[in-house]
Structures are given as C-alpha cells and as structure tokens.
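Have a look at the structure below before the remarks.
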Ligand code: SF4
C-alpha cells in the first residue's frame, strides 16, 4: 500500500472537486500521520501516532509565516485561491494552538484573498474542546466527518484511537446551528472477517436521523478515491451515492455527491 503525506505546511493550490482552487494547510509533521481516528480508508495510511507533545507541533509563528509566504507568492503570480483549506497529514485540530492559528489566519486571508473561504476538513473528535469548537465556528467552511449512524459502525470504519462517543459528537455538531457541512464516506467491505456496509440499516437510518437533527447547510456524500490501508473495501459508484443523496434531499437538506 502506498501512503500519501504532504511535504510542507502550505501546499498547492490544488484543484479540489469540492473546494475549487484549494490552498492546503498541513499543521502536522511531514513524515508521519497524526490522527485520533484510524479510518480503514485513510489515504494517509494507518495511524501510527495518535498525538505529539505540544512542543513537537509546528510553532504558530512558523505556520503563519509559511502561509503568508505562500499567499504572497500566489497573489504575485495571479494564482486563483478559492479556499484556504486545513487538511494535511491527519487531524488538523489536534494542533494545540489551532484556535490561535485561525484567529491570525483570518486577517491574512482578508489582506491577500478577501474572497477566499477558510475551510477545515476535520473528523469532529476535538469538538469536545471548547476552543476548537469556537474556532471552527469562526470560519466559513467547517467540513465535519460523520460516516456512521451507530456507535458500532463508527468503531468499525473510523476506529478511534481513544474511545469516542457518537452521541457526544452529534451533540456538538448540533451546536453549530446548521452552519457546517457534513462529509460522509460511504463504502462496504470486511473488517476482521466481518462484512459491513454503512448504506444499510440499522446504520443508515440512524445516520440519516442524525443528519436531520444536525441540519447542516450541506451534506457531501462520497466514496473511495485513492488507495486505502485496508484491502477489503469496496467503492460505491455514482449511481449508488445518488440514491443515498436523494434520501437526504428528501429531508430538505442540500446534498452533493463526489
Ligand atoms: S479522520 Fe481523516 S486523517 Fe484521520 S484517519 Fe480518518 S481519514 Fe485519515
């Protein structure tokens, strides 16, 4: 299996199906993925490190300098930037100063690319930290993961490194009052010899009810795109994703498939 890790703090812009010209921000080391989940499908590979000591993360100054340098270069070369996007080698909100980085990024965005949105692809596990919740509520595009409706499915697909309570995650997602995007991966496969399919009940109907309760401004439904660490996974085709999306649209929620 080949894993994919970004090699700098600021990268791109890359063309993203979901975000247009997306200037990526990676707050995590370039040689190892750091995450609170160990998703079967993660394009960065298996999680070998769940966290670092505070001193091992990039200092805030270094992050902001790298971003500003990249923004200046893009502006001077007339490179379009639609979104400044936190993604990278794992879960960006694990950075202990994520909130401070957001606070200082907003004026930089206003200065260099006032029409760009700030996006963050997050697995939502750090919403238990009030400062992370508040920071994600200050940006235009919090894209928060919800792949499962049941605790059992979350444990299967996302395999949290430390126990995570789906009820608690959903409660925090509801606190966004709809100003968020839910991103949901749909797939089937086998884990330790046990088959699973998160488009089937009871998982699916519980996922749908949770989405209705969260009332996001949009749901992004997608399936596998790159090589995955787990081998026995099956991608859903566009037609199957559209069947899922129609069920969400029927609840009055904008839904796109990728
Ligand atoms: S949450 Fe994202 S980074 Fe973490 S394991 Fe899952 S796919 Fe990978």
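Restricting the calculation to alpha carbons of segment 47-95 gives Rg and Dmax of 13.7, 39 angstrom.
Taking 0.890 mPa s as the viscosity and 25 °C as the temperature, the Stokes-Einstein diffusion coefficient of segment 176-258 based on its alpha-carbon Kirkwood radius rounds to 183 µm²/s.
Based on DSSP, what percent of beta bridges with both residues in the chain are antiparallel, to the nearest 5? Each step should come with its number before you reach the end.
Values: 12 of 37 bridges.
Of the beta bridges lying entirely in the chain, close to 30 percent run antiparallel.
In the elastic network of the chain, a GNM with C-alpha springs shorter than 10 Å, the most mobile of 219, 132, 194 is 194.
Relative to the longest principal axis of the Cα atoms of the chain, helix 238-249 runs at roughly 90 degrees. Using a Gaussian network model of the chain in which every pair of alpha carbons under 10 angstrom is joined by a spring, one finds that among 26, 177, 123 the greatest mean-square fluctuation is at 177.
Which shape class, rounded, prolate or oblate, goes with segment 63-123 when its Cα gyration tensor gives a ≥ b ≥ c as root eigenvalues, a/c under 1.5 marks rounded, and past that a/b bigger than b/c marks prolate? Prolate is the answer for segment 63-123, as a/c is 1.5 or above and a/b outweighs b/c. Would you mind classifying segment 1-81 by shape? Square roots of the alpha carbon gyration tensor eigenvalues, ordered a ≥ b ≥ c; an a/c under 1.5 is rounded, otherwise it is prolate if a/b is larger than b/c and oblate if not. Oblate, since a/c reaches 1.5 and b/c is not below a/b.
Considering all different alpha carbon pairs of segment 110-258, the Kirkwood hydrodynamic radius works out to 16.0 Å.
Within the listed set 16, 184, 51, the residue fluctuating most in the Gaussian network model of the chain (springs between alpha-carbon atoms under 10 angstrom) is 16.
Packing here is the average count of other Cβ atoms within 10 Å per residue, and on that basis the peptides 37-44, 234-241, highest first, run 37-44, 234-241. Projecting the alpha carbon convex hull of segment 108-180 along each direction and taking the average yields 5.5 nm². Please work out the C-alpha center-to-center distance from segment 139-165 to segment 200-258 and express it in whole Å. Distance between centres, Cα-based: 13 Å.
According to the square roots a ≥ b ≥ c of the eigenvalues of the Cα gyration tensor, what is the shape class of segment 192-231, taking rounded for a/c under 1.5, prolate for a/b larger than b/c otherwise, and oblate for the remainder? Mind showing how you got there, number by number?
Details: a/c = 3.71, a/b = 1.49, b/c = 2.50.
Oblate shape, in that a/c is at least 1.5 and b/c is the bigger or equal ratio.
Applying the Kirkwood pairwise sum to the alpha-carbon positions of segment 10-257 produces a hydrodynamic radius of 18.6 angstrom.
Throughout, read-outs are computed from the coordinates displayed, never taken from laboratory work. Worth saying up front: this structure is predicted, and the values here are computed from it rather than measured. Positions of Cβ are generated from backbone atoms using ideal geometry, with glycine treated the same way; all protein chains shown enter the neighbour counts.
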